[in-house]
Amino acid sequence: MGHLDPGIVMRMKESNALLGTRRVRKDGGKAFGEGNQDGWDFQVEFLQPNKVVIVDDINAYRFFGDRIFCAPQEDILEGMQSIVFGLSCIIHLLLELYLFLGSPRLSSLIKEQYRTSGEIHYSKIGAQTRHLIVERLPLFLHEYPQSHSEVPLNWLNKEKNFIIKVFGKLLVTKSLQHGDICDSRSHEAFTVAKRDGNGLIKLWLAGNEVNMYE
């Protein structure tokens, strides 16, 4: 992108130059975060780059896709597959352009807060889950050199570095702040992971059953 004339770049940043799509619920459709794509239409507009968001957090998009205009995604452009080759490559180049012109990533606009009910002390589920993670994590990481891992396995094995707590319920509140848009939405979760900088890793579980997918 560096070969573009600075004057052209500035005009693109200040004009409605980029395509954005926003989900619009069909009449009688389900509330946000529910159902599948059949319950939504898409509103399409050309906007200034800083008003178009790059979706890098699918979970957040599920809750706020009706509040923001987003850069094109593969599922939106898939109808072009019969005439366009290398669709994934094209989308990657498009997103690079959006970033270059100042479109923010969705993850940078989201903040999360967590609330819990009472802690369930001495839970067998917590101990079993920790053992399972430490035991099976090497299976997922065996293709990657230890030097590339942010969390070395021998570090994670130490009790003080990785703790699990179990609560009756977990409530996650996601807040979106983007220009004039300010919105918050809450949902119950089975699992929440947190880390204090480069230190302690905390995994919170809800109830006496573990959703292994989450």
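The values are calculated or read from the model by the stated rules, or taken from the named source; none is laboratory data. Just so it is clear, the model here is predicted, and its values are computed rather than measured. Ligands, DNA and RNA are stripped out before the accessible areas are found, and what is left, the full protein with its side chains, is counted by its heavy atoms. Shrake-Rupley method; radii C 1.70, N 1.55, O 1.52, S 1.80 Å.
Structure summary
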read-out	value
The range 43-55 - phi-based ³J(HN,Hα) in whole Hz, Karplus 6.51/-1.76/1.60, Gly and Pro as x	8, 10, 8, 9, 9, 5, x, 6, 9, 10, 9, 8, 7
Residues whose placed amide H lies under 5 Å from that of residue 105, excluding near-sequence neighbours	54
List 204, 40, 155, ordered by accessible area with a 1.4 Å probe, largest first	155, 204, 40
Amide H contacts under 5 Å for residue 162, placed H, 5+ residues apart	201
Amide H within-cut-off set for residue 167, under 5 Å, with H built and near neighbours excluded	120, 205, 206, 207
Rounded accessible area of residue 62 (nearest 10 Å², 1.4 Å probe)	90 Å²
Residue 45 accessible area, 1.4 Å probe, all protein chains in place, Å² to nearest 10	70 Å²
Accessible area (Å², 1.4 Å probe, nearest 10) - residue 190	100 Å²
Estimated vicinal HN-Hα couplings, Hz - the range 150-165 in sequence order (Karplus 6.51, -1.76, 1.60; Gly, Pro = x)	6, 10, x, 5, 5, 6, 5, 5, 6, 4, 6, 8, 9, 10, 10, 10
In order through the range 4-12: 3J(HN,Hα) via Karplus (6.51 cos²θ - 1.76 cosθ + 1.60), integer Hz, x for Gly, Pro	6, 5, x, x, 5, 4, 4, 5, 5
